[in-house]
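Each remark here refers to the structure printed beneath this line.
The values are calculated or read from the model by the stated rules, or taken from the named source; none is laboratory data. If you're wondering where the values come from, they're calculated on a predicted model, not measured in any experiment. Reconstructed Cβ throughout: ideal geometry from the backbone, glycine too, with neighbour counts over all protein chains shown. The protein model used for the area step is the full one, side chains on, heavy atoms only, and it has no ligands, DNA or RNA in it. Shrake-Rupley method; radii C 1.70, N 1.55, O 1.52, S 1.80 Å.
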Amino acid sequence: MAAIASDHGHGHGHDEALHHQFENMEQQNDSYIVGMWTFLVTEVMFFGALFLIYTLYRSMYQMDFFLAHEALNVQMGMINTFVLLFSSFTVAMSVRYAQLQKRGGVLAMLGITQVCALAFMVVKYFEYQEKFGHHLYPGPGFGSHPEYLHGATPNFAQLYFGLYFGMTGLHGLHVVIGMIVIGYLMAKWWRNSPMVTKDYIPTELVGLYWHFVDLVWIFLFPLMYLMPKP
Amino acid sequence: MFSNFPATPPQASSFSREHDIIFYALLALTIIFTVMVGIGVIYFVIKYKRGSDADRSRPIYEDARLETAWSVIPLILALIMFYFGTKLFITMRVPPADAQEIFVIGKQWMWHVQHSNGVRENNTLHVPAGKPFKLTMISQDVIHAFYIPAFRAQMHVVPGRYTTMWFTPTQPGKYHLFCSMYCGTQHSEMGGTVVVMEPREWANWIENGGQSQASLTLEQSGERLYKQLACNNCHGAEDNMRAPSLYGIWGKKRTLTGGRTAIADQSYLRESILRPHNKITNGYSNTMPVYDGQINEEDVLKLMAYIKVIGSSVGGPSSSGTDTAAAVLNGTKGTMSPFAANAIQYQNSSMRRVDSTPTTRSGELAVNAIAAQQEAKGN
Amino acid sequence: MASTPLSSDSKHGGHSHVQPVWLLLGNMLWLMVLLIITWWASTFDFGNVVINNVVAMLIATIKAVFVIWIFMGVMHASKLAKIWVVAGFGFLFLMFGILGDYATRQFEPVSGWETNVPNGGASSFPRQWPPQKKPEQVGENFRPRG
Amino acid sequence: MSAIPADPNVTAVSATPRTETNYLNADWSIKSWLLTGDHKRIAILYLVSVSFFFFLGSIAAGLIRYELTAPAGFILESETYNKVFSAHGIIMVFLFLIVAIPAILGNFLLPLMIGARDMAFPRLNLLSWYLFMAGGILIMGGMINGGVDSGWTFYVPYSSMYANSNVTMVLTGIFIAGFSSITTGINFIVTTHKMRAPGMTWFRLPLMVWALYATGVVIILGTPVVAVTLLCIIFERVFHLPIFSAELGGDPVLFQHLFWFYSHPAVYIMILPAFGVQSELIANFARKRVFGYHLIAFSSLAIAGLGFLVWGHHMFISSESMYQGVVFSLISFLVAIPSAIKVFNWTATLYKGNIRLQTPMIYALGFIGLFTIGGLTGLFLGCLGTDVHLTNTYFIVAHFHYVMVGGAVTAFLGGLHYWWPKMTGRLYPESIAKWNAVLVFIGFNLTFFPQFIVGFMGMPRRYHYYYFAPEFQPYHIMSTLGSTVLALSFIIPGLYLTRSLSKGAKASANPWGAHGLEWETSSPPPTSNFDQIPVVLDEVYDFDPVTEHEQDKAAQALEVPSYLSNEAKSAESEKEKR
């Protein structure tokens, strides 16, 4: 094959945010967006497997799962959903400000997102604490206080709480990772790093991740907290 | 092949022949295609080796007809093999109605087999040639697989779920029995022998209770348990306020609360014993205690056998006393009436481990018969 | 370059499309309305639990679509990104084909297949825990080593 | 025609002048290796670590084979034996096969083949290696610290409740190694989509790139599923979250569904890149464009897609529904067709070629034979009636070794030899390598063919003892004999390839006279791959066997020795000049 010198010669006149392997910003931005979506697809499959397990067991043990779910606190779940939806909005706003290169706006919006994430985790903490206090954690001591089981068969209630802790726990882990990443991004903005100020893509990627975390919760909430009586 | 250097497993069940025909057909296809590709490769390599004077003009790089041909022809052959393989598989998965049931429990690392008349054996399975058998299997711990190469029959044995397999042995002899699903340290030693006997010989064997003795048939122990657990307090001869009667329900369609229906088969009954609140018959409330964790797998099998007997009776409890007694005296012990079997409780008032005291099978039968006669008089 | 939006770099508009505030705000409020509808629908008895479940999942899916379409900017994203979104969820549904196994067999929810007591208890077949070194060898085929 | 003549004799002389600095000698510090973002250096890091794991896995394989020569064993206890075969499976699957071709050859070649300076995400690529090493170290740690005896399939409830070995640590390692796989997959996909040189259209891509792209798709869609499934076992063992526990109403068979939903496509992660390597080798050594380029490219994608629809054929007898079994059997038969197409197309490529029987070509021809047998014996297992008897026996062991070792490992060795001059800038000794390739073929068949027979006879897999069935012994002895030959044939390339690093003759930019962008740059390539990004004007595999044949004839008339010795001579003369 012919090797002819291309116009996109390397090593002249590109800005600081451009990495060496790319020819121009457009290629770089496209690559990052496609890469992030590819990653989100793996995340979809990751949580998808858990949703599949949950769907199967819930269809098998409808009554027990319904009875066991009565131990959850719907108000707290609602509050958390509101908090996450709102934080999704603030992240979307921060991406907008990043595109317009308004540093103050970005920092403010990411700050609010951090507060929301923290609020989410605090509510989660109280929920978990209550479940632990009621001996609803799977394992040897499970269901030693049957009044909290609301009449569900202990074995299947254990299955339900196993999935509850597994799925919300993994989601919580994603929230924590999101908080760390947003914190890192905020530090970059704070220090006026050209990596973020010259290029809105890092902010956009973090935004995509955060929306995905919100997305998972949108499904988790009705599945875990709002179960109809079979 | 030489007798001490075999290359094929023995054929000892009704599936073996059909399986081997499909196997050898696939083998023929494999050989034909491999040889075809092999000869093609060798021929081309020799002919078009660098420096050879072969004609290389006008090479072809794509040919729709050729490529379609070698997509479609293998596809057709594959579909033919699929058809025959599936046909055999469906035969293997659907046991005939007259198959005699054997229960198999797998555990680390042995097989426990219970014949329907209560004879038990460990790591061996005695079956007669020419009679279909259905194995209902469950595991107590991890997943095992019940594998008899000579029968070309294999099925996983899963905890928490019954699996079934069936076969008709054809050739008397001794064959390998393997656990083929990895199950732990002594996986390779979890196995034994399948002994296929002449039908008459087997009848004798089963009559004598096999190797280990069982004083009660599965149905009899089931009935004893039924009484012990006081099932009959609620599930009487006829439907009453508290619970539906179990007489005559075997295989019947049941209407449940909420309009759903279910067939009263093994799995339904099993579930209803262990977790009755899950499927409640229409018109009843959830009053039955949960036996989940209260009774073990063996007990469920016993109860099931007993419920099958009363569930299959048409006329209810009062009709069969004398008939069964007569049947027992004649040595037919297939469908023993619960009341006949019930009498044994008087004989064995103290609970003893089922297989701890070896007694002869015939003696036991005599006891049953006497008890049944007494009972018939009482009626 | 510093004063102009970065979006002007790209001729195609692409994903650097700046979304108006009213769209983002409106989307959030609409999602919150949907959330309240979700809660309301869960308390409402449609007469059949299946309908309830379907409605709940339908609303959740609508919410997800709005998050993906507007917040995540798929609305303005490249065709490739759109393909990945569809493919991702497509394969997710493919995986739910696993449920076909359970739908096509008479599934037995079996529990209590053994007692929970570790060492025997009522069961005549105690689970060996910890596993014994040698299992009991009974029957005619006791197989000596060697 | 291209700027560089197709004839190797001319190429060797008129090769691009060797640039003094290349990616290997750019910086000698250890730090520069451990913090590199260069895809070529990462490939070398992978090569070293994967070879090490392959060595460990092979030792386990040898132990298994020798133990099985005696019906009652003579080296290991049952418990140790179980740990050894589990170690063999886990190392070979998760640390060798899934990684070998994509992460070594794929990493090295993908940017070179499409004319890019690097992968789209170099730092992610490096992270992938670190995750792989972290996973590998955890897995090895778990094996040393208590071992793992649940087999590489980790079926519950054995792995979740009954195994007394260190399953948790090993699973954590596999979980982390899975993310290494995912990052590699993301890199492949984005690089293929976004980093192609100008003029490199989709249908000018080498088939290797198509195969790697398909592999990337399978990785990112499948791996997260198995990751979360294995995580559930970790949860069950550590936090008592009962997800698959039959005692509490969970379903152990669900685990198998989820596990095979990944692990069947994982088989394609192992074999698809091998198909890619195979296409490259066949095209180059037959000096001819691959027959049915489009069909091969699309069949790679078809295999990747259909591969996700056949997981159930691992579960025909595991109490899966009969109806689903029938459906899966049908799709399994269908997925065999794209593979068959590939085999036929490779064979047809040889027709009217100008075939050179050099080492990589011998591996490639061996691949065709072994993969044909491996693929066709797969039909025995996809066919419902015969699967009932053959599954869980040595038949299945033989089948997947024919695909995995006969296919993937053979292709890996062939590809390694083919691109060795490009990777290291050195030539390997041709004659010993050629005989060794034949030895691999013999050793392999001797090892695994008897296992088909013993499997048909009913020998279950993962059995430590078979003293109760002595009729199996002759086949095990044959197999062990073959494994010894096979082990020898794996050690020899290790030795001569290592030796060639210092003693081998220097390679020109294009020692094979091959076509493809990776041969346009010097050997070894400079750190930024190309001095200038190439513009692609030609179709892929633009060989001309007729002209080449004429040139060969002319060269013979002039008594010019074959180009390889020519190459060696020129290298020696260079040495003398110095």
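Here is how the numbers come out for the structure above:
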| item | result |
| --- | --- |
| For the pair A and C, total buried accessible area rounded to nearest 100 Å², probe 1.4 Å | 4900 Å² |
| Proximal charge balance of D:H313 [Cβ under 13 Å; K/R count +1, D/E count -1] | -3 |
| Kirkwood hydrodynamic radius of the protein assembly as shown, from inverse mean 1/r over distinct Cα pairs, in Å | 34.0 Å |
| Amide hydrogen neighbours beyond the local backbone of B:I102, cut-off 5 Å, H modeled | B:K134, B:L135, B:T136 |
| Per residue solvent-accessible surface (Å²) - region A:70-177, probe of 1.4 Å | 35 Å² |
| Under 29 Å from the Cα of A:K198 - lysines, other chains or at least 8 residues apart | A:K102, A:K188, C:K11, C:K79, C:K82, D:K194 |
| Kyte-Doolittle mean at least 0.5 and Cα axial length at least 24 Å: DSSP H helices in chain D | D:39-67, D:122-144, D:167-194, D:207-239, D:252-285, D:322-350, D:359-382, D:430-456, D:473-503 |
| FRET efficiency, 1/(1 + (r/R0)^6) with R0 56 Å, evaluated for D:T547 and A:M195 via beta carbons | 0.60 |
| Protein accessible area in region B:112-229, 1.4 Å probe - carbon and sulfur % | 47 percent |
| Of every Cα-Cα pair in region D:154-244, the percent that sits beyond 24 Å | 40 percent |
| Which listed pairs, of B:K252/B:K302; B:K131/B:K174; B:K87/B:K252, have C-alpha distances above 22 Å, in listed order | B:K87/B:K252 |
| Beta bridges by DSSP in the protein assembly as shown, antiparallel share as percent, to the nearest 5 | 70 percent |
| Pairwise label distance in nanometres, A:F126 with A:I177, each label 7 Å out on the Cα-Cβ vector | 2.8 nm |
| As computed over region D:393-502, the Cα convex hull volume per residue (Å³) | 92 Å³ |
| Global geometry of region A:126-230, whether rounded, prolate or oblate, following the gyration tensor of its Cα atoms and the 1.5 cut on a/c | prolate |
| Cα pair distances exceeding 20 angstrom across region C:18-72, given as percent | 32 percent |
| Of the DSSP H helices in chain A, those whose Cα atoms cover at least 27 Å axially and whose Kyte score averages -0.5 or more | A:25-60, A:74-99, A:103-133, A:154-190, A:201-224 |
| Accessible area buried, both sides summed, chains B and C with 1.4 Å probe, Å² | 3100 Å² |
| Label zone at B:E201, where the point sits 7 Å out along the Cα-to-Cβ direction: region B:140-183 residues whose backbone N lies under 19 Å | B:150-151, B:168-177 |
| Net length gained if the chain between D:I477 and D:K31 were fully extended (0.36 nm per residue, minus Cα distance) | 155.7 nm |
| Computed magnitude of the charge dipole of the protein assembly as shown (debye, nearest 20; Cβ of K, R +1, Cβ of D, E -1) | 340 debye |
| Set of region B:17-44 residues, backbone N closer than 19 Å to the point 7 Å along the Cα-Cβ line of D:Q556 | B:43-44 |
| Reference-scaled alpha-carbon Rg (2.2 N^0.38 Å with N residues) for region B:100-207 | 0.99 |
| Bins of 10 Å, starting at 0 and running to the largest distance - Cα pair percent for chain D | 3, 17, 28, 27, 15, 7, 2, 0, 0 |
| Sulfur and carbon atoms: percent of accessible area, chain D [1.4 Å] | 69 percent |
| Cα pair count fraction exceeding 13 Å, expressed as % - region D:85-134 | 64 percent |
| Cβ charges +1 (Lys, Arg) and -1 (Asp, Glu), total dipole of region D:169-308, debye | 860 debye |
| Förster radius 56 Å - calculated FRET efficiency between A:A108 and B:K49 (Cβ-Cβ, nearest 0.05) | 0.15 |
| Normalised per residue, the volume of the convex hull around the Cα set of chain A (Å³) | 154 Å³ |
| Taking chain D and dividing mean pair separation by its residue count, relative contact order in percent (alpha carbons under 8 Å, at least six apart) | 20 percent |
| Placed amide H near D:T393: partners under 5 Å, 5+ positions off or other chain | D:R461 |
| Interface burial for A against D (accessible surface, 1.4 Å probe, total of both chains, Å², rounded to 100) | 4200 Å² |
| Rounded, prolate or oblate (a/c below 1.5 giving rounded, otherwise prolate when a/b exceeds b/c) for region B:1-62 by Cα gyration tensor | oblate |
| Positive minus negative residues near B:I102 (Lys, Arg vs Asp, Glu; Cβ under 12 Å) | +1 |
| Efficiency of FRET between C:W30 and D:I59 - r from beta-carbon atoms, R0 60 angstrom, step 0.05 | 0.45 |
